[in-house]
Amino acid sequence: MLLNTFTYLCFLAVVTAVHYLLPVKYRNYFLLAASIYFLWTSGPISLGIAVGAALITFFFGKKIASAADRNTAKKLTAAGIVLLVLNLCWFKYAHLITSFLENPITILFPVGLSFYTFASVGYLADVYKGAMEPETDFTEWLLSVLFFPHILSGPIAKSRNLIPQLKEREVTPEIIVEGMRRLLIGAMFKVVLADGLAIIVNGVYDNLNSHSGLAALTALFLYPLQLYFDFAGYSAMAVGSALVFGVRLQENFLAPYFSTGMGEIWRRWHITLSEWFRDYLYFPLGGSRKGESRTLINLLIVFTVSALWHGNTVTNLIWGVVIVASRFLERFFNKNSRGLTGAEAFTAKSWMKRILVYIWWTMTLFPFRMETVDDMKRFIQMVGEKQNLGTFKLEFLNLAAAGVSDTGTYYLIYFGSIIASLAIATWIDFTLYRSTTERGAVPVTDPFEALPVRRRWILYWIMGLAVAAMYIIIQTGGGPSFIYQGY
Amino acid sequence: MKKIVKKLILYCLPFLVLLGMFVAFEPYDYFGLRGGESEYLCKPLSSVRELLINHPENIVLGDSRMANLNMDLAEEISGEPYTMLGFGGAQTGELIELFWYATEHTELKKVVFGINLYSTIDEQGPGRIPSIIEQAEDPAHFILHAGHWLGAINAAKTKIMNRVWTSLGHPERMTFPEDPTDYSRVQNIPQEMGEKYRLNLEEYRDLIRSNFGESPVVRQETVDKLIEVVEYCDANGIEIVFVYPPIHISIYELYEELDILKEAEKYKGQLREIAPSIDFEFPNSFTENDDNFYDGYHLPNTVKPYLVELVFTDLPAECVRRTTP
């Protein structure tokens with residue numbers, strides 16, 4: 001069950017209604033049952049693997065905390081983490097490892113495996129470090145692992161933040177409304193912007209030989225937007241879904257495309273994953289405390305692991321190398337990866353930097369999007385070809401038509417939905433970004449609160465209409481899933 | 001919480017209004033608000049809805065050459081009601097799929113099956129029919145189809161604008177967008193208009209030539225499926241007749257040029273052995289008369305009644321060859 005479907009909306013509505021009708025002491029049991037059902041719809045195997053991982057983590061957590069000495073605790077922590085990571089690696093790389101065999105192993109990747117594995121590894125490490133007490137109630141622990149808003153693709157929750165909220169949470173109408181708003185924002189990001197742009201982007205990438213150089217360039221520069229809105233949209237829907245139950249998940253994105261450096265993008269992009277790598281890999285390796293050379297080696301290790309996690313293809317490895325090279329280069333020229341603050345963040349120079357960073361980011365994502373090296377070569381060849389602008393316009397409109405319609409009314413609805421949603425998304429992200437440039441300020445993740453009621457409602461309706469229109473277009477033409485669903 | 005629910009309801013109101021507009025104006029009259037009068041006469045969805053609602057005993061299948069025939073006239077001539085399940089652009093595989101769907105939803109007595117053996121694409125599969133059936137059976141699928149929303153918007157625009165014009169004392173200015181495969185909308189061709197209305201038959205033939213790929217004839221596999229259809233009809237007491245609608249002589253000559261007539265004749269022979277056929281596809285004075293054709297395949301409204309008479313009666317004529325096994 002994907003979060004951007006009508007089925008999920010109905011599911012969430014029913015679960016919310018029953019949740020609030022139940023006495024408080026039964027609510028978590030009901031949420032657990034709903035989460036089990038949610039994962040069951042993705043396949044019993046996914047549910048089985050998740051429950052198995054939760055059992056292993058629960059068992060090891062208690063053992064680590066009650067270990068006789070630090071050495072035993074360390075060994076138990078290592079054993080638990082190795083088991084979890086081996087489980088993840090098995091499902092991720094079994095096919096690649098056995099690809100030389102006549103019948104290589106083919107396994108369906110369990111839904112959400114990466115994300116709850118990361119959370120579970122973090123939990124064991126935190127218990128070992130003494131950052132949190134082990135959870136003694138298995139149903140609470142299982143709920144934290146299977147909690148349906150975030151099980152598919154995160155945000156990766158730190159157990160020390162999530163479990164206390166599951167045990168006791170304050171829910172007000174304002175929080176529920178905020179949750180619903182985040183759901184609407186997420187739906188707009190995912191359905192209108194990500195899936196809407198995917199019609200053009202995937203239309204080019206899936207038929208490389210049939211398109212012109214200009215179309216290829218257009219797809220190249222639209223892809224980063226598609227990727228961002230896809231994942232940020234999902235994350236917003238996950239955060240919104242959790243908020244409806246009074247649980248605040250961590251933000252996963254902080255307006256990354258307003259960054260003025262590659263380092264800053266990584267601080268604002270898939271934050272929970274970046275923080276996980278930082279806390280559980282980079283810092284244990286020594287971080288930046290052991291000199292510049294060791295820092296660079298540690299960065300290399302972290303980005304290599306990240307690249308391998310994203311995929312086991314040659315193009316993914318190339319992407320990893322490109323990312324590492326970018327980070328090294330930037331570190332060499334500018335050690336400040338935190339970004340600009342105050343008035344400095346809004347000068348003409350800073351806007352030029354943003355454009356250059358977006359172009360640079362687009363180039364680094366190029367291998368990430370490609371399936372094979374041959375595709376990369378073919379793409380570069382296409383971009384080099386000359387193209388008549390008049391022909392490109394027809395080609396672009398044909399791509400946008402997506403087998404649905406090529407009438408003026410259709411184009412008005414399609415492009416109108418995207419442009420309106422892009423404007424609203426830019427305002428949301430710019431407000432968020434601006435709030436992060438002031439030192440010590442709390443990021444404004446919900447700019448709607450500050451708006452007058454009438455303006456707010458007009459925006460709600462515009463967003464809702466755009467989502468409905470694009471949802472129907474996607475249903476007719478057949479739409480993409482979440483890009484990060486398979487990780 | 002009550003406040004939240006009230007606000008949710010308020011939020012949903014414009015969407016419900018839009019849905020209401022859709023239901024009121026969508027061209028298929030799916031929900032029967034206009035007495036089941038579809039604006040589209042030859043779309044497959046109309047055909048399947050007709051089947052689901054009326055459960056006809058006698059059906060006609062075929063592409064646009066059959067789908068534009070007047071079924072009221074067919075009933076008048078034959079004395080029995082017929083329902084058109086064919087549609088413009090239908091491929092043989094799709095028509096076969098539609099036949100099988102009809103057997104599940106009605107007690108068939110007679111089937112008039114228009115065949116086009118000269119396909120430009122590989123047409124073995126069910127094609128569009130599964131999606132059409134889904135929309136016909138499930139209102140949610142129908143509502144979630146962008147094409148129908150666009151149709152509803154256009155229909156609303158047309159009707160509202162015309163009402164505005166007529167209220168201002170002017171004649172209606174907007175017509176419902178024509179379905180280009182719906183030749184029933186082509187009025188009598190005024191002789192003085194000549195080429196303006198009728199497509200240039202030479203140019204049309206050249207267009208068809210360019211559309212043909214390497215294998216312009218229906219596959220044996222498709223003919224095998226037609227044989228299955230006949231076997232089912234024989235086993236269930238259903239009368240079936242295959243019709244090969246007329247083609248202009250220029251198209252016949254094109255088929256000769258492409259050297260595909262022999263293979264088509266082979267398939268016709270296989271089908272003639274097991275089921276009656278009404279064959280118009282040969283050179284004769286009818287097919288050589290340009291005035292009998294709107295384009296190489298389609299007849300104008302003035303001529304269609306003659307075709308209906310020939311298909312639904314035993315009227316002898318030079319332009320038709322009837323065979324029974």
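The values are calculated or read from the model by the stated rules, or taken from the named source; none is laboratory data. Here the structure is a predicted model, which means the values were calculated and not measured. Every residue, glycine among them, receives a Cβ derived from its backbone with ideal geometry; neighbour counts consider all protein chains shown. These accessible areas exclude ligands, DNA and RNA; they are computed on the full protein's heavy atoms, side chains included. Shrake-Rupley method; radii C 1.70, N 1.55, O 1.52, S 1.80 Å.
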Subject >> Kyte-Doolittle mean at least 1.6 and Cα axial length at least 15 Å: DSSP H helices in chain A >> reply: A:6-21
Original post:
Length gain on complete extension for the stretch B:Ala140 to B:Val17, per 0.36 nm per residue less the alpha carbon to alpha carbon distance?
Top reply: 42.6 nm
Original post:
Translational D (Stokes-Einstein, µm²/s) of the protein assembly as shown at 25 °C and 0.890 mPa s when Rh comes from the Kirkwood sum over C-alpha pairs?
Top reply: 79 µm²/s
Original post:
Once a ≥ b ≥ c are taken as the square roots of the eigenvalues of the Cα gyration tensor of the stretch A:284-436, is the result rounded (a/c under 1.5), prolate (a/b larger than b/c) or oblate (a/b not larger than b/c)?
Top reply: oblate
Original post:
On average, how much accessible surface per residue is there in the stretch B:23-122, in Å², for a 1.4 Å probe, leaving out ligands, DNA and RNA?
Top reply: 37 Å²
**OP:** Apply the Kirkwood formula to the stretch A:98-172: the hydrodynamic radius equals the inverse of the mean of 1/r over all pairs of different alpha-carbon atoms; give it in Å with one decimal.
**Re:** 14.1 Å
Original post:
Using the Cβ atoms and a cut-off under 11 Å, what net charge is assigned to the surroundings of B:Glu265, where Lys and Arg are +1 and Asp and Glu are -1?
Top reply: +1
Original post:
Under the definition of partner shielding as Cβ atoms of other protein chains within 10 Å of a residue Cβ, what is the mean value for peptide B:144-155?
Top reply: 5
Subject >> Evaluated at q = 0.06 Å⁻¹: base-10 log I(q)/I(0), Debye formula over Cα of chain A >> reply: -0.28
**OP:** Would you list which lysines come within 22 Å of B:Lys304, measuring only between C-alpha atoms, while excluding same-chain residues fewer than 8 positions from it?
**Re:** B:Lys43, B:Lys110, B:Lys196
Original post:
How much of the accessible area of the protein assembly as shown, in percent, comes from carbon and sulfur atoms when a 1.4 Å probe is used?
Top reply: 60 percent
Original post:
At a Förster distance of 25 Å, what's the computed FRET efficiency of A:Asp374 paired with A:Leu86, Cβ-Cβ distance as r, to 0.05?
Top reply: 0.15
Subject >> Cut-off 14 Å between beta-carbons: net charge of the residues surrounding A:Tyr223, Lys and Arg +1, Asp and Glu -1 >> reply: -4
Subject >> Charge tally in the Cβ shell below 13 Å around B:Glu231, where Lys, Arg are +1 and Asp, Glu are -1, B:Glu231 excluded >> reply: -3
**OP:** Give the long-range amide H neighbours of B:Thr83: residues separated by 5 or more places, or on another chain, with amide H under 5 Å away, using H modelled in the peptide plane at 1.01 Å from N.
**Re:** B:Asn58, B:Ile59, B:Val60
Subject >> Sites B:Thr313 and B:Asn54 - FRET efficiency at Förster radius 22 Å, r taken between beta-carbons, to 0.05 >> reply: 0.40
**OP:** Mind listing, in residue-number order, the residues in the stretch A:431-479 that have at least 40 Å² less accessible area with every protein chain present than in their own chain alone (1.4 Å probe)?
**Re:** A:Trp457, A:Trp461, A:Leu465, A:Ile472, A:Thr476
Subject >> Eligible lysines near A:Lys353 by straight Cα distance, threshold 25 Å, same-chain separation 8 or greater >> reply: A:Lys335
**OP:** For the stretch A:6-168, just list the percent of Cα-Cα distances falling in each 5 Å bin from zero outward, please.
**Re:** 1, 9, 16, 19, 18, 14, 10, 7, 4, 1, 0, 0
**OP:** Indicate the gyration tensor shape class of the stretch A:146-204 (rounded, prolate or oblate), computed on the Cα atoms with a ≥ b ≥ c the square roots of the eigenvalues: a/c under 1.5 is rounded; otherwise a/b larger than b/c is prolate and the rest oblate.
**Re:** oblate
**OP:** Between A:Ser435 and A:Thr172, with labels modelled 7 Å along Cα→Cβ, what's the label distance in nm to one decimal, could you check?
**Re:** 1.5 nm
Subject >> Counting DSSP beta bridges with both ends in the protein assembly as shown, the antiparallel % (nearest 5) >> reply: 20 percent
**OP:** Please work out how much accessible surface B:Glu76 shows to a 1.4 Å probe, ignoring ligands, DNA and RNA, in Å² rounded to 10.
**Re:** 150 Å²
Original post:
What's the center-to-center distance, using Cα atoms, between the stretch A:229-267 and the stretch B:37-115 in Å?
Top reply: 54 Å
Original post:
Counting only residues 5 or more places away or on other chains, whose amide H sits under 5 Å from the amide H of B:Tyr28 once H atoms are built in the peptide plane?
Top reply: B:Glu39
**OP:** Can you spot the lysines whose alpha carbon is less than 28 Å from A:Lys377's alpha carbon? Ignore those fewer than 8 places along the same chain.
**Re:** A:Lys92, A:Lys386, A:Lys393
Original post:
Any idea how far the Cα center of the stretch A:139-154 sits from the one of the stretch A:340-363, in Å?
Top reply: 37 Å
Subject >> With all protein chains modelled, accessible area of A:Ser42 [1.4 Å, Å²] >> reply: 40 Å²
Subject >> Filter on A:Lys190/B:Lys3; A:Lys75/A:Lys158; A:Lys74/A:Lys129; A:Lys75/A:Lys167 - keep pairs with C-alpha separation over 20 Å >> reply: A:Lys190/B:Lys3; A:Lys75/A:Lys158; A:Lys75/A:Lys167
Original post:
Can you work out the FRET efficiency for the pair A:Trp351 and A:Glu292, with r the C-beta to C-beta distance and R0 = 35 Å, to the nearest 0.05?
Top reply: 0.65
**OP:** Enumerate the amide H contacts of B:Gly114 below 5 Å, restricted to partners 5 or more residues apart or on another chain; note that Pro and chain-start residues carry no placed amide H.
**Re:** B:Leu61, B:Gly62, B:Val243
Original post:
On average, how much area does the Cα convex hull of the stretch A:216-292 cover when viewed from any direction, in nm²?
Top reply: 7.3 nm²
Subject >> Accessible surface buried once A binds B (1.4 Å probe; total of both sides; Å²) >> reply: 1600 Å²
Original post:
With every protein chain present, what is the per residue accessible area of chain A (1.4 Å probe, Å²)?
Top reply: 45 Å²
